[in-house]
């Protein structure tokens with residue numbers, strides 16, 4: 001009788017400990033999911049540094065360096081890579097600006113997907129849908145929207161600053177995922 005009681009006690013302890021560890025893992029996943037994340041999936045042919053600016057205000061407010069982050073992008077002309085930006089705690093953007101690097105020798109880029117996530121909810125704009133939510137500046141030539149092929153351009157005056165600004169439609173999607 002004592003042996004059965006001891007076995008039941010050991011099994012119950014093991015189950016309780018196991019459940020407690022599972023909960024801890026769930027809590028960790030939930031806590032990392034509370035930061036707003038932006039992922040641009042692209043094929044980039046030359047190594048570069050991409051920058052994401054975010055605004056928490058109106059569309060006409062200027063973007064500033066304090067509200068931006070950089071990500072190193074490694075060259076791989078054949079493979080789609082996820083370029084991930086994680087915004088600081090308690091930051092929910094209104095508008096985004098994606099700067100496609102500093103390397104003025106950059107070749108054509110293929111934008112495959114754009115995704116935002118926050119607190120377990122997400123929004124994706126695959127392929128050509130990206131262009132419904134972002135528009136390029138004059139340093140980007142959109143070669144083919146259906147394939148996501150773009151060409152960063154060095155301007156005649158020598159400046160190189162290819163970037164995309166988000167549209168009001170993206171703000172509506174942001175509001176949906178942060179509810």
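If you go through segment 52-69 and pick out every residue that is in contact with a helix residue (DSSP H, G or I) (Cβ under 9 Å, 6 or more places away or on another chain) and closer than 20 Å to residue 125 by Cβ, you end up with 4.
Of all positions in segment 70-77, none carries a residue that is touching a helix residue (DSSP H, G or I) at 6+ places or on another chain (Cβ under 8 Å), within 20 Å of residue 36 (Cβ to Cβ) and either outside any strand (DSSP E or B) or at pLDDT 95 or above (or both). Would you confirm whether or not segment 111-132 contains a residue that is more than 30 Å from residue 34 (Cα to Cα) and surrounded by 15 or more Cβ atoms within 10 Å (Cβ to Cβ)? Scanning segment 111-132 turns up no residue that is more than 30 Å from residue 34 (Cα to Cα) and surrounded by 15 or more Cβ atoms within 10 Å (Cβ to Cβ).
When you check residue 156 against the structure, is it assigned by TED's automatic domain parsing to the domain that holds residue 103 and over 19 Å from residue 127 (Cα atoms), yes or no? Full working, then the answer.
Values: assigned by TED's automatic domain parsing to the domain that holds residue 103: yes; over 19 Å from residue 127 (Cα atoms): yes.
Criteria met by residue 156.
Close contacts from segment 68-85, counting a first residue that is loosely packed, with under 13 Cβ neighbours inside 10 Å and a second that is outside any strand (DSSP E or B) and at pLDDT 90 or above, with Cβ to Cβ under 7 Å and a gap of 6+ residues or different chains, come to 74/47; 77/45. Applying the set (1) at pLDDT below 95; (2) touching a strand residue (DSSP E or B) at 6+ places or on another chain (Cβ under 7 Å) to residue 51 leaves exactly one unmet item: (1). Counting only strands (runs of 3 or more DSSP E) wholly contained in segment 107-177, the ones carrying 2 or more residues that are within 22 Å of residue 49 (Cα to Cα) occupy 109-118, 134-136, 140-144, 149-152, 163-166.
The values are calculated or read from the model by the stated rules, or taken from the named source; none is laboratory data. Worth saying up front: this structure is predicted, and the values here are computed from it rather than measured. Because the Cβ atoms are built from the backbone with ideal geometry, glycine has one as well, and the counts that use them run over all protein chains shown.
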